[in-house]
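The values are calculated or read from the model by the stated rules, or taken from the named source; none is laboratory data. Fair warning: this is a prediction, and the values are worked out from it, not measured in the lab. Cβ placement follows ideal geometry from the backbone for every residue including glycine, while neighbour counts extend to all protein chains displayed. Just the protein is used for accessible areas: all its heavy atoms, side chains included, with ligands, DNA and RNA removed. Shrake-Rupley method; radii C 1.70, N 1.55, O 1.52, S 1.80 Å.
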Amino acid sequence: VREGAVYSIDGEATVLLEGGRTYQVTCGRGFEYSIDQQELGAGKKGEEASLEFYLKREVETPDWVACDPHLHTYEFDRHGDCDLTERLISCAGEAVELVISSAHDKHISYDEESARIGTSKWMTSVTGCEVTTSLGHFNTFPNLTSSKPVEHKLRTWPRIFADIFAAPDVRVCILNHGRDVHRNFTPLAPENFDAEKGTFTQGRELRANAMELINSGAQQTDPMQLVHDWFSLLRSGHKIAGIGSSDSHTVNFAIPGQGRTYLPVDDSDVGKIDVDAAIDSLLEGQGAVSFGLLSLLEIMDDSVTVSVHGPSWTSVSEVVIYRNGELIRTIKRLGENRAGLKEEVVFSLEELQAKPGDFLCAVATGPGIADGWWRMMPPYQPDKPDYEPFVMGISPAVFVK
């Protein structure tokens with residue numbers, strides 16, 4: 001329970017409220033579900049009242065697993081407000097199915113506590129780590145809980161990446177919030193990264209195999225900035241996957257799973273997800289980045305299908321298609337708040353002038369959520385004072401064969 005927010009494992013909750021006031025209560029279960037809103041009238045001291053809410057699945061994601069690979073707790077990171085139990089309950093409440101622990105420079109397993117409180121039927125948890133160096137933050141997984149964390153005080157990229165990939169079982173290394181300043185260093189700042197060429201200065205080589213495009217707890221003022229950085233890295237030959245995450249340290253200030261990554265893997269039992277298969281799909285660049293919308297792009301023979309999905313409480317204003325990072329199509333005949341499939345368009349490869357070796361990507365955007373039930377965080381290090389909340393869905397970058 002936090003001010004204005006209650007999460008519950010079993011769908012029931014009893015709370016004490018100040019009498020003499022009228023409350024609007026909103027019930028939801030994250031991106032894939034409807035919301036239900038009801039008003040609770042002013043009551044007198046000692047009175048009891050009950051509300052019943054009915055939710056339905058609005059975004060069908062068969063064989064797509066919802067993953068949040070950037071999660072923290074106050075208990076282990078001394079920053080934020082949630083303990084491990086609350087972290088698990090809030091992830092279950094937002095329907096995050098593949099939960100990656102990423103304590104700063106610690107290997108923390110969620111498994112025992114998840115089994116104890118019963119959230120293990122709603123999710124599969126993986127031990128990860130945020131390697132917090134003076135030259136960037138990198139989420140790594142899977143980690144052995146018993147293994148020694150990577151030395152986070154290393155000062156050069158070759159040593160940092162060598163240490164990361166020397167750790168037992170580690171397969172994924174994510175460049176976190178690459179445009180943020182930490183310890184006076186910004187990995188993708190112009191003095192460190194040539195965004196035109198997709199190369200790094202001072203002889204540095206990025207060995208991360210994934211990067212955050214949306215970090216809903218630490219957004220950029222320009223939501224496309226990291227997407228264009230990603231395009232630049234792909235053009236220069238980096239094999240690097242796009243990631244959506246929440247970087248949540250809190251119960252409801254930065255909502256867990258608000259930014260998430262959808263991975264194509266069997267989801268028939270979310271308590272027993274095949275983690276190796278999920279990582280395989282991530283490293284093959286098949287993940288879709290979701291922040292209130294889910295965009296998919298599929299190439300079948302000579303046909304390119306772009307689809308945008310979302311709940312009834314988000315809408316699409318624009319869908320943009322990129323070829324090798326160049327904008328080639330903009331679609332604006334949108335706006336309906338329908339649930340599920342919001343928009344679908346089909347092109348031929350010839351129409352998009354896409355040839356073998358090119359990559360295509362679709363980005364959908366729309367107005368965001370300002371209300372407290374799914375409030376979106378303003379930019380972490382803003383470039384300007386004004387902020388307009390937005391939703392966004394970024395398809396995988398799909399290469400033409």
With the condition kept exactly as written, say whether any residue in segment 149-165 is in a loop (DSSP other than H, G, I, E, B), open to solvent by less than 10 Å² (accessible area, probe 1.4 Å) and in contact (Cβ under 8 Å) with a residue 24 or more places away in the chain. no
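Results for (1) at pLDDT below 95; (2) of a type in the set (A, V, I, L, M, F, W, C); (3) open to solvent by 50 Å² or more (accessible area, probe 1.4 Å), shown as yes or no for each residue.
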| residue | (1), (2), (3) |
| --- | --- |
| Phe359 | no, yes, no |
| Ala370 | yes, yes, yes |
| Tyr380 | yes, no, yes |
| Tyr387 | yes, no, yes |
| Val398 | no, yes, no |
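Being in contact (Cβ under 8 Å) with a residue 60 or more places away in the chain and either over 22 Å from the mean Cα position of the chain (by Cα) or farther than 30 Å from Lys106 by Cα (or both) is the filter here, so list the residues in segment 38-87 that pass it. Full working, then the answer.
Initially, segment 38-87 is screened for residues in contact (Cβ under 8 Å) with a residue 60 or more places away in the chain, giving 58-74, 77, 79-82, 86-87.
Those that are in contact (Cβ under 8 Å) with a residue 60 or more places away in the chain and either over 22 Å from the mean Cα position of the chain (by Cα) or farther than 30 Å from Lys106 by Cα (or both): Glu58, Val59, Glu60, Thr61, Pro62, Asp63.
If you check Ser90, Ser102, which single one turns out to be touching a His at 6+ places or on another chain (Cβ under 8 Å), among the small types (Gly, Ala, Ser) and open to solvent by less than 10 Å² (accessible area, probe 1.4 Å)? Walk me through it before giving the result.
Numbers: Ser90 fails: touching a His at 6+ places or on another chain (Cβ under 8 Å).
Going through Ser90, Ser102 in turn, the sole match is Ser102.
Name the residue, out of Arg183, Arg235, that is at pLDDT below 95 and open to solvent by 50 Å² or more (accessible area, probe 1.4 Å).
On the way: Arg235 fails: at pLDDT below 95.
Within the list Arg183, Arg235, the selection yields Arg183.
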Here are the criteria: (1) among the hydroxyl-bearing types (Ser, Thr, Tyr); (2) open to solvent by 50 Å² or more (accessible area, probe 1.4 Å); (3) under 30 Å from Cys173 (Cβ atoms). Tell me which single one Thr330 does not satisfy. (3)
Hey, Phe253 hits all of (1) farther than 16 Å from Arg375 by Cβ; (2) out of contact with any helix residue (DSSP H, G or I) (no Cβ under 8 Å at 6 or more places or on another chain); (3) assigned to a loop (DSSP other than H, G, I, E, B); (4) not acidic (Asp, Glu) but one; which does it fall short on? (1)
Residue tally, condition in a loop (DSSP other than H, G, I, E, B) and within 19 Å of Ser317 (Cβ to Cβ), over segment 378-392: 4
Provide a single number: the residues in segment 82-122 that are closer than 22 Å to Gly242 by Cβ and touching a Gly at 6+ places or on another chain (Cβ under 7 Å). 7
In a loop (DSSP other than H, G, I, E, B), under 30 Å from Asn143 (Cα atoms), of a type in the set (Gly, Ala, Ser) and at pLDDT 95 or above: is that true of Gly30 in this structure? yes
Residues of segment 258-288 that turn out to be touching a Cys at 6+ places or on another chain (Cβ under 6 Å) and either within 22 Å of Ala115 (Cβ to Cβ) or among the polar types (S, T, N, Q) (or both), as a count: 1
Working only within segment 190-231, note down all residues that are closer than 21 Å to Thr261 by Cα, outside any loop (DSSP other than H, G, I, E, B) and in contact with a Ser or Thr (Cβ under 7 Å, 6 or more places away or on another chain). Glu212, Asn215
